[in-house]
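K.L.:
Before we start, here is the structure in question, set down as structure tokens.
The values are calculated or read from the model by the stated rules, or taken from the named source; none is laboratory data. Nothing here was measured: the structure is a model prediction, and the numbers come from that model. Cβ sites come from the backbone with ideal geometry, for glycine too, and all protein chains shown count toward neighbours. Only protein heavy atoms, including side chains, enter the accessible area calculation; ligands, DNA and RNA are left aside. Shrake-Rupley method; radii C 1.70, N 1.55, O 1.52, S 1.80 Å.
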Amino acid sequence: MASEFESEFVAVRRHEGGVAELVLDRPKAMNAVSTDMARAIGAACAALAADRSARVVVLSSTAERAFCVGADLKERNSLSDAELVRQRPTTRGAYGGVLELPMPTIAAVHGFALGGGFELALACDVIVADETAVVGLPEVSVGVIPGGGGTQLLPRRVGAARAAELIFTARRVEAAEALSLGLVDSVVPAGRDAAEALALASRMAANSPVGLRAAKRALRLGHGMDLAAGLEIEDAAWRTVAFSGDRAEGVAAFNEKRKPNWPGE
């Protein structure tokens, strides 16, 4: 399938039904995130966020042995302190770009997803892994900390104590254990991660685009709030959809026993 957005390291591919695939494409480096790759991820996410036709996004990889191995440590080793400081906003823009996508996102993970690679997956709403997946946040083993959202996103998935154990030990977790710990949401046969993630995305994308984005907003903003505050966030999100064209079409389609033709507004 042809790509509509393509840089040296990232491509965006379109699938039927409003599914977009954001493809990490630096296979020779197992998708190690260099400055240029981080910039490309941020740009691709900005384009997707502004595109109302994109209902669900799948984050995938062309590298055979890895989803993403994290930061490009060879490049990092060549940077001065001042250059590292200047690089930081670009790096944050990549991870934040994925995290802030307004539509549902699914990571399709195989092979190594370590450090910043796992943080890119954690920034997605759902993680589909295949049997070859190995995930982890090993940053303290090289003298840093997870800096792409890992210290905040991992405890939201698995709880504070489990996240602390995983981050402090820097250990790698294989697919079966990752599933049992809640680090990933499903494990599929080897080589099936992208196909299964795209199939799941298609099922999600069959629903109202307005509803999907509003539900994601309520889920994200309400997480960690007390119940009363969370219900107010939910009510605000409900008000954005209650009088929408999608709501009117959804109700009409239900009563007419047909598939809805979502206007997306």
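K.L.:
Between A38, A54, A71, whose Cα lies farthest towards the positive end of the dipole of segment 35-78 when Lys and Arg beta carbons carry +1 and Asp and Glu beta carbons carry -1, centred on the Cα centre?
P.N.:
In segment 35-78, that residue is A54.
K.L.:
Which ³J(HN,Hα) values in Hz, rounded to whole numbers, follow from the phi angles of segment 116-123 under the Karplus curve 6.51 cos²θ - 1.76 cosθ + 1.60, where θ = phi - 60° and Gly and Pro get x?
P.N.:
Calculated HN-Hα couplings, in order: x, x, 5, 5, 4, 5, 4, 6 Hz.
K.L.:
Roughly speaking, to the nearest percent, how much of segment 27-108's 1.4 Å accessible area is carbon and sulfur?
P.N.:
53 percent
K.L.:
By the scheme Lys and Arg +1, Asp and Glu -1, what is the net charge of all other residues having a beta-carbon under 15 Å from that of T240?
P.N.:
Residues close to T240 contribute a combined charge of +2.
K.L.:
What label, among (i) 47; (ii) 35; (iii) 26, belongs to percent of Cα pairs over 28 Å apart computed from the structure on display?
P.N.:
The listed entry that was calculated here is (ii).
K.L.:
What residues have an amide H closer than 5 Å to that of L59, excluding those fewer than 5 places away on the same chain, when H is modeled at 1.01 Å from N in the peptide plane?
P.N.:
Residues meeting the amide H criterion: L22, I106, A107, A108.
K.L.:
Using Cα-Cα distances under 8 Å and only pairs 6 or more residues apart, what relative contact order does the chain have, in percent?
P.N.:
Once normalised by length, the contact order is 16 percent.
K.L.:
Shifting gears a bit: With +1 assigned to the C-beta of every Lys and Arg and -1 to the C-beta of every Asp and Glu, and no other charges, what is the dipole magnitude of the chain about the Cα centre in debye, to the nearest 20?
P.N.:
That gives a dipole near 240 debye.
K.L.:
Also, I was wondering about something else. Ignoring everything except DSSP H segments at least 4 long, calculate the 222 nm mean residue ellipticity for the chain; use -39,500 (n - 2.57) per segment, divide by total residues, nearest 500.
P.N.:
The helix contribution divided over the chain gives -15000 deg cm²/dmol.
K.L.:
Please report, for the Cα atoms of segment 119-238, the Rg to one decimal and the Dmax as a whole number; what are they, in angstrom?
P.N.:
Over segment 119-238's Cα set, Rg and Dmax evaluate to 16.3, 45 Å.
K.L.:
Measuring with a 1.4 Å probe in the full set of protein chains, what accessible area per residue, in whole Å², belongs to the chain?
P.N.:
That works out to 50 Å² per residue.
K.L.:
Considering the options V126, V144, S80, tell which one lies farthest towards the positive end of the dipole of the chain, charges being +1 on Lys and Arg and -1 on Asp and Glu at the Cβ, about the Cα centre.
P.N.:
Selected residue: V126.
K.L.:
By DSSP, what percent of the beta bridges with both residues in the chain are antiparallel, rounded to the nearest 5?
P.N.:
Once the DSSP bridges in the chain are tallied, antiparallel ones form about 35 percent.
K.L.:
Contact order normalised by length for segment 1-122, with contacts defined as Cα pairs under 8 Å and 6 or more residues apart; what percent is it?
P.N.:
29 percent
K.L.:
Counting only C-alpha contacts under 8 Å and six or more residues apart, can you give the relative contact order of segment 58-183 as a whole percent?
P.N.:
Rounded, it is 24 percent for segment 58-183.
K.L.:
Tell me which residues come under 5 Å, amide H to amide H, from A66 once H is placed; ignore anything under 5 positions away on its chain.
P.N.:
The list, which skips near neighbours in sequence, is F112.
K.L.:
With Cβ to Cβ distances under 11 Å as the rule, what net charge do the other residues near A108 carry (K, R +1; D, E -1)?
P.N.:
In short, -3.
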